[in-house]
Amino acid sequence: MKDNLMAFGESAARDLGAPCCCGPASEGDDREMPGYSVCRFVDSFMETPEGAVPVVKTRLERVDHLGTLAARCNVGRSDYRVAPGLYAVGEPTETAPVLVTANYKMSFDAVRRTLSGMNAWLLVVDTKGINVWCAAGKGSFSAEGVAAMVTKTGLTQVVSHRKLILPQLCANGVTAREVKKRCGFRAEFGPLRASDLPGFIQSGLNADAGMRRITFTLKERLELMPVEVSLTGRHLLWLVPALFLLSGVGPGFFSFSQAVLKGVAAWSALFTGILAGAVITPALLPWLPGRAFAVKGALAGLLCGLPFGLFYWNEVGMGSLFALICWLTAVSSYLAMNFTGATPYTSPTGVEHEMKRAIPAQAVAVIVGLIIWLAAPFTG
């Protein structure tokens, strides 16, 4: 995805295998200059004591929106990144603020978009294309990584102050004292949301309560659904032929017509479970009773299982229908737990405790359902 590669300087261009944004790699190089076809978000370049720095646009283009949509649907998500390094927004001087972010392009876009009309430096840390929160938790957004990028870009020669504005959500992986120790820059933690950056900077780096408060609104929950559905569908795809084969088992060893009839019902139960766990549960999260996500998912599964059961009441028999409800509920409960890592009100220890209790129960539901499903043709 050429439009999503930001070749920062000559060495970065070689590393990424892309034309150089800052000019040709050597005399006589016939690659396009200055590289706008490589990085559409670059508007121009400005000279600094450490060489040319790309000036990025603050208005997102269609290719940026399409890239974000694809990443949210898990298409090219692991490669949706920009090259780490120093970028400029507007016409920053040596006194302009330095904002730090991850090289996940969605994070990069969120920051540059909100800085329209401002002058600032943007220091992009190499987080392996992972967003700020997850990268900090995984250790790829760290004080060591921030200090290394400060040194690599020669930031001390570009700005006269010694202050970095870091995203608040990296605080679980970055210690301000360690940043100061490693590179001499004082770390200030900015607001939670990139949209609050202008107000934070204009107020003298003071954040009000709203800037510090984490939310998990319906819109924010809905944004997580496409990637969850995509990841789930990929892992459960192998169940489609397995369900077809199991559905045909009966007194005559195997019935193709029975496999088609019951197979469609089994597939419908599987997809209903995915819908309940990956869509209904996050959408109704605040209103579903219980604290455990596994319980919320199970309730959503039972809720979706009611119309499913009414539809197949006379199609597959009571035993088979009970088995399908067991599967549907177990799938929904399991998938609901995927959202524990995306919510602001869970903890690693709490999630671990919940999984230790929920996964065995989900496995039992699947096994009981499988036994009933296989036994139903012989008892009916």
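Points worth noting:
- Residue match in the stretch 244-257 (condition: in contact (Cβ under 8 Å) with a residue 12 or more places away in the chain, more than 20 Å from ILE371 (Cβ to Cβ) and either touching a helix residue (DSSP H, G or I) at 6+ places or on another chain (Cβ under 6 Å) or not hydrophobic (A, V, I, L, M, F, W, C) (or both)): no
- Of all residues in the stretch 289-325 being in contact (Cβ under 8 Å) with a residue 12 or more places away in the chain and not in a helix (DSSP H, G or I), the one that is farthest from PHE378 (Cα to Cα): ALA292
- Just one of the listed residues (PHE244, PHE216) is surrounded by 12 or more Cβ atoms within 10 Å (Cβ to Cβ) and touching a Gly at 6+ places or on another chain (Cβ under 7 Å), namely PHE244.
- Taken over the stretch 129-144, the criterion of being over 20 Å from the mean Cα position of the chain (by Cα) and surrounded by 21 or more Cβ atoms within 10 Å (Cβ to Cβ) is satisfied by ALA143 alone.
Residue-wise test of (1) surrounded by fewer than 18 Cβ atoms within 10 Å (Cβ to Cβ); (2) within 23 Å of LEU224 (Cβ to Cβ).
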{"position": "VAL56", "(1), (2)": "no, no"}
{"position": "ARG59", "(1), (2)": "yes, no"}
{"position": "CYS73", "(1), (2)": "yes, yes"}
{"position": "SER78", "(1), (2)": "yes, yes"}
{"position": "PRO84", "(1), (2)": "no, no"}
{"position": "GLU91", "(1), (2)": "yes, no"}
{"position": "THR95", "(1), (2)": "yes, no"}
{"position": "LEU115", "(1), (2)": "no, no"}
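- Count of the stretch 169-182 residues which are assigned to a helix (DSSP H, G or I) and surrounded by fewer than 21 Cβ atoms within 10 Å (Cβ to Cβ): 6
- Of the criteria (1) surrounded by 20 or more Cβ atoms within 10 Å (Cβ to Cβ); (2) within 30 Å of THR215 (Cβ to Cβ), which one SER320 fails: (2)
- Of everything in the stretch 200-240 that is β-branched (Val, Ile, Thr) and free of Cβ contacts under 8 Å to residues at least 60 places away in the same chain, the residue that is farthest from ALA187 (Cα to Cα) is VAL240.
- Any hit, the stretch 329-336, residues being within 25 Å of LEU192 (Cβ to Cβ) and surrounded by 16 or more Cβ atoms within 10 Å (Cβ to Cβ): yes
- Residue check, GLU91 within 23 Å of SER203 (Cβ to Cβ) and of a type in the set (Asp, Glu): yes
- Among the residues here, VAL240 does not qualify as modelled with pLDDT of 80 or more, assigned by TED's automatic domain parsing to the domain that holds GLY305, of a type outside the set (Asp, Glu) and within 29 Å of GLY297 (Cα to Cα).
- Scan of the stretch 145-169 for residues that are in contact (Cβ under 8 Å) with a residue 40 or more places away in the chain and within 23 Å of the chain's Cα centre (by Cα), ordered by number: VAL146, ILE165, LEU166, PRO167, GLN168
- Lone unmet requirement of (1) outside any helix (DSSP H, G or I); (2) within 32 Å of the chain's Cα centre (by Cα); (3) buried (at least 20 other Cβ atoms within 10 Å of the Cβ) for PRO286: (3)
The values are calculated or read from the model by the stated rules, or taken from the named source; none is laboratory data. All figures in this text were calculated on a predicted structure; none of them were measured in a lab. Every residue, glycine among them, receives a Cβ derived from its backbone with ideal geometry; neighbour counts consider all protein chains shown.
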